[in-house]
Protein chains: 2
Amino acid sequence: MRIGELGQAAGVDVETIRFYEKSGLLPAPARSQNGYRTYGSMHLECLAFIRHCRALDIPLNEVQRLLEFIEQPNADCGDIDQLIDTQLAKVRARLKSLKALEKQLSSLRGRCGANHIASECGILHELVAAAHKEACVCHGHFEPRTLAT
Amino acid sequence: MRIGELGQAAGVDVETIRFYEKSGLLPAPARSQNGYRTYGSMHLECLAFIRHCRALDIPLNEVQRLLEFIEQPNADCGDIDQLIDTQLAKVRARLKSLKALEKQLSSLRGRCGANHIASECGILHELVAAAHKEACVCHGHFEPRTLAT
DNA sequence: CTTGACCCTGTAGTAGCTACAGGGTTTCTA
DNA sequence: TAGAAACCCTGTAGCTACTACAGGGTCAAG
């Protein structure tokens, strides 16, 4: 099948398919006489594998490694456990920081309940006040990245 | 103070500071004779404001708008509520999808508890099996993006 | 024959930084 | 004083994972 059909079958953009091929994830397929790519079911399964791993937020370079493991059934798979553990840790860390963020935003949201002009906006006041505290060098540094990963 | 001092005071990279100036968020400061930037406390507060909003995952274009509101105290601030609401909704959606992701990864992790070769890896088997199901066109499409936002 | 859909390669853009490259200025130490 | 290291400048490029052109070729249907 041609690339459009593959895309339809896997629910993936043709441009994404070409991207994966260029990235080395998806093997380059045979070409027909007019230069069009020609795919079989093996490519469809490979593409589905990639998309499934992406759904698990696994970075492309790690998906690459998993694909290599499939190619080499006798390789040691300790790294696969590690990979999933790493993903799990990342997800948990993000959950934690997002919960803190939700809490803060909710609190901030509670500061303004009705339309009025900017000078009376509780949200703005709070943001400015927070910045003022942070800009006071005797209070140390607020590390924003830590919170919002 | 010079850019390095400002960066130290706010806990921000000098390159990020230049980036913010270029992006129009941070006003361009005066320059000394040698071309070095010269900052005062107003810049420090502005920078702290930006970083605080970033910590709340507010996109830079929205931070820009908030800064404009501060400049125009008589402007209507209905949009600020909207902005925080939008952020809250985004955070909640992400929390939801990450929880589902954590659940899936935990389940997947449970499939492999000890070191063995790749052909015996429960994780790999599960990933391949999932891809096989997905690659079967009669089962419809699995939309990965929906899950992993 | 024409038109629209599909295909091709290569380039560029997204968001928010971060890291050079190449060169000028300042500060400190020997 | 000289030299080295730290700091400063502008401009460019890279990261991740796509996504969207631009410009041109191919195919199928009307």
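Is region B:1-127 rounded, prolate or oblate when judged by the Cα gyration tensor, a ≥ b ≥ c being the square roots of its eigenvalues, rounded requiring a/c under 1.5 and prolate requiring a/b larger than b/c?
Details: a/c = 4.68, a/b = 1.92, b/c = 2.44.
Verdict is oblate for region B:1-127.
Every other copy gets compared here: list the nm distances from the A:Arg111 label point (7 Å along Cα to Cβ) to its counterparts, shortest first, one decimal.
Shortest to longest, the spacings are 4.7 nm.
How big is region A:1-41 on each of its three principal axes, counting only the C-alpha atoms and giving the largest first in Å?
The Cα atoms of region A:1-41 stretch 24, 21, 17 Å along the principal axes, largest first.
Tally Lys/Arg at +1 and Asp/Glu at -1 over every other residue whose Cβ is under 15 Å from the Cβ of A:Pro29; what's the total? Mind dumping the intermediate values first?
On the way: positive: A:Arg2, A:Arg18, A:Lys22, A:Arg31, A:Arg37; negative: A:Glu5, A:Glu21, A:Glu45.
Charge balance near A:Pro29 sits at +2.
Considering amide H positions built from the backbone, and no H for Pro or chain starts, which residues 5 or more places from A:Leu26, or on another chain, come under 5 Å of its amide H?
A:Glu21
Residue by residue, what Karplus-based ³J(HN,Hα) values in Hz, rounded to whole numbers, does region B:21-37 have, using 6.51, -1.76 and 1.60 with θ = phi - 60° and x for Gly and Pro?
5, 5, 6, x, 7, 9, x, 5, x, 5, 10, 7, 4, 7, x, 6, 6
Separation between the A:Gln82 and B:Gln72 pseudo-spin-labels, each 7 Å from Cα along Cα→Cβ, expressed in nm?
5.5
Can you classify region B:41-113 as rounded, prolate or oblate using the Cα gyration tensor, where a ≥ b ≥ c are the square roots of its eigenvalues, rounded means a/c under 1.5, and otherwise it's prolate if a/b beats b/c and oblate if not? Please list the in-between numbers first.
Working: a/c = 6.46, a/b = 2.43, b/c = 2.66.
Oblate, because a/c is 1.5 or more while a/b does not exceed b/c.
For B:Arg111, B:Arg54, give the ranking by accessible area with the largest first, probe 1.4 Å. Spell out each step's value before the answer.
Details: B:Arg111 130, B:Arg54 50 Å².
Reading off the accessible areas and sorting them downward yields B:Arg111, B:Arg54.
Rg/Rh for region B:3-71 to two decimals, with Rh computed the Kirkwood way over all alpha-carbon pairs. Before the final figure, lay out the partial values.
Values: Rg = 11.8 Å, Rh = 12.3 Å.
Rg/Rh: 0.96.
Which whole number gives the average count of other chain Cβ atoms within 10 Å of the Cβ atoms across peptide B:95-105?
Working: counts 6, 0, 2, 8, 3, 1, 9, 6, 1, 6, 11.
That works out to 5 on average.
Quick one: buried accessible area between A and B, total over both chains, 1.4 angstrom probe, nearest 100 Å²? Can you show the working numbers first?
Working: alone 11080 and 11090 Å², together 15820 Å².
Approximately 6300 Å², summed over both chains.
Find every distance from the label point of A:Gln8 to the corresponding label point in the other copies (7 Å from Cα along Cα→Cβ) and write them in nm, one decimal, shortest first.
The projected label point of A:Gln8 is separated from its counterparts by 6.5 nm.
Using only Cα atoms, locate the centre of region A:74-96 and the centre of region A:35-69, then give the distance between them in Å, rounded to an integer.
Centre-to-centre (Cα) distance: 18 Å.
The values are calculated or read from the model by the stated rules, or taken from the named source; none is laboratory data. In this text the structure is predicted, and so the values were computed from the model without any measurement. With ideal geometry, Cβ positions are generated from the backbone for all residues, glycine too; neighbour counts draw on all protein chains shown. Only protein heavy atoms, including side chains, enter the accessible area calculation; ligands, DNA and RNA are left aside. Shrake-Rupley method; radii C 1.70, N 1.55, O 1.52, S 1.80 Å.
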